[in-house]
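> Just dropping this structure here.
The values are calculated or read from the model by the stated rules, or taken from the named source; none is laboratory data. The structure displayed is predicted, hence computed values, not measured ones. Reconstructed Cβ throughout: ideal geometry from the backbone, glycine too, with neighbour counts over all protein chains shown. Accessible surface is based on the protein model in full, side chains and every heavy atom, while ligands, DNA and RNA are left aside. Shrake-Rupley method; radii C 1.70, N 1.55, O 1.52, S 1.80 Å.
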Amino acid sequence: MTLALLVCAARAAEAGALSARLGLPAQAYPDAGLKAALAALPATGAALVLSPEGLGLVALDLPGAAPVRIDAEGGALGFRLAQERARHEQIVRACGLLKKPGLAVFDATAGLLRDAAVLAAAGARVTVAERSPVIALLIEDALARAAPDGVLAGIRFLPGDARARLKAMAAGDERPDVVCLDPMFPHREKTALVKKEMQVFRHVVGEDADADDLLAPALAAARLRVVVKRPRLAPALAGRAPTFTLE
């Protein structure tokens, strides 16, 4: 995947460190000139955009798509977290947090922190992993911007492949009570346009073709249960039928 780095004038001082980390030249753009800067790039690949709002990701072959950022204060995630709505989420029930709100949960496929934030809001002690270096940057940026008393502030991030993390947890003393798995599943054509941000995510990260490899180490690491999110008609992860299902 071809990746570009755009940095607005207001955050030019941070361009060097981010450029060195990514091994990419940073392209500056005027604070109000993002649209023109994106239009000047090739219409393939992706761009990381550092602006006053935070670090965002744009899929260049999805014209008109806004930068995808992780934001626990507004948008769909903010709505899910408002007014204790988190306790009514299926993922909270599946993890057993209604009866034991202080459980330690390891989200092995963190993505854009949607489920992790909901679980943290419901009282879980959440650790997340994400193997995509690009998405990892979005997570680190979101956690850095998080309010000290906000829901993201208590989330611990472990970059890298979750399989290695799970194997280390199973062999050590730091085993989570619950492991959550939500791998990217190949979508059907009819559902391809449901959410713009998911289109961006899929264009950059792709599908988790090796998702089945997560289940065995997850089962070995979890003290209580493994929660797997799957599309309703998808086959069971690794061919293993769940003990119970919430639809």
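> List the residue pairs whose Cβ atoms are under 8 Å apart, where the first residue sits in segment 127-147 and is touching a residue at least 24 places away in the same chain (Cβ under 8 Å) and of a type in the set (Ser, Thr, Tyr), the second is open to solvent by 20 Å² or more (accessible area, probe 1.4 Å) and in a helix (DSSP H, G or I), and the two are 6 or more positions apart or on different chains.
Every condition considered, the pairs that remain are SER132/VAL204; SER132/VAL205.
> Next up: Pull out all pairs, ordered by first then second residue, where Cβ-Cβ is under 8 Å, the residues are six or more apart or on different chains, the first lies in segment 4-20 and is outside any strand (DSSP E or B), and the second is charged (D, E, K, R).
ALA9/ASP31; ALA10/ASP31
Listed here are the residues, each with its yes/no results for (1) surrounded by 24 or more Cβ atoms within 10 Å (Cβ to Cβ); (2) at pLDDT 90 or above; (3) over 12 Å from the mean Cα position of the chain (by Cα).
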{"site": "GLU84", "(1), (2), (3)": "no, no, yes"}
{"site": "GLN90", "(1), (2), (3)": "no, yes, yes"}
{"site": "ARG93", "(1), (2), (3)": "no, yes, yes"}
{"site": "LYS100", "(1), (2), (3)": "no, yes, yes"}
{"site": "VAL105", "(1), (2), (3)": "yes, yes, yes"}
{"site": "ALA108", "(1), (2), (3)": "yes, yes, no"}
{"site": "GLY111", "(1), (2), (3)": "no, no, no"}
{"site": "ALA120", "(1), (2), (3)": "yes, yes, yes"}
{"site": "VAL126", "(1), (2), (3)": "yes, yes, yes"}
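> For segment 50-74, name all the residues that are in a loop (DSSP other than H, G, I, E, B) and either among the basic types (Lys, Arg) or in contact with a Phe, Trp or Tyr (Cβ under 9 Å, 6 or more places away or on another chain) (or both).
If the condition is that a residue be in a loop (DSSP other than H, G, I, E, B) and either among the basic types (Lys, Arg) or in contact with a Phe, Trp or Tyr (Cβ under 9 Å, 6 or more places away or on another chain) (or both), then ARG69 is the only one that fits.
> Quick check: anything in segment 174-196 exposed (fewer than 15 other Cβ atoms within 10 Å of the Cβ), over 20 Å from GLU140 (Cα atoms) and at pLDDT 90 or above? Explain how you work it out, then say what you get.
First pass over segment 174-196, keeping only residues exposed (fewer than 15 other Cβ atoms within 10 Å of the Cβ): 174, 186, 188-196.
Okay, now just the ones that are also over 20 Å from GLU140 (Cα atoms), so 174, 186, 188-196.
Next, from what is left, pick out any that are at pLDDT 90 or above: 174.
Taking every residue of segment 174-196 in turn, at least one turns out to be exposed (fewer than 15 other Cβ atoms within 10 Å of the Cβ), over 20 Å from GLU140 (Cα atoms) and at pLDDT 90 or above.
> If a residue has to be touching a Lys or Arg at 6+ places or on another chain (Cβ under 8 Å) and under 12 Å from ILE70 (Cβ atoms) to count, how many in segment 125-136 make the cut?
Looking only at that region, the number is 1.
Conditions (1) open to solvent by less than 20 Å² (accessible area, probe 1.4 Å); (2) more than 30 Å from ALA153 (Cα to Cα), marked per residue:
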site: THR2; (1), (2): no, yes
site: LEU5; (1), (2): yes, no
site: CYS8; (1), (2): yes, no
site: ARG11; (1), (2): no, no
site: GLY23; (1), (2): no, no
site: ALA39; (1), (2): no, yes
site: LEU50; (1), (2): yes, no
site: ASP71; (1), (2): no, no
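> Quick check on my filter: what residues within segment 116-175 are touching a strand residue (DSSP E or B) at 6+ places or on another chain (Cβ under 7 Å), more than 23 Å from ALA46 (Cα to Cα), in a helix (DSSP H, G or I) and charged (D, E, K, R)?
Result: ARG165, single match.
> Next question, about the same structure. Of all residues in segment 201-247 being open to solvent by 70 Å² or more (accessible area, probe 1.4 Å) and over 27 Å from ALA168 (Cβ atoms), which is nearest to the chain's Cα centre (by Cα)?
Taking the candidates together, the pick is HIS203.
> For segment 1-33, give me each residue that is in contact with a Ser or Thr (Cβ under 7 Å, 6 or more places away or on another chain) and modelled with pLDDT under 95.
THR2
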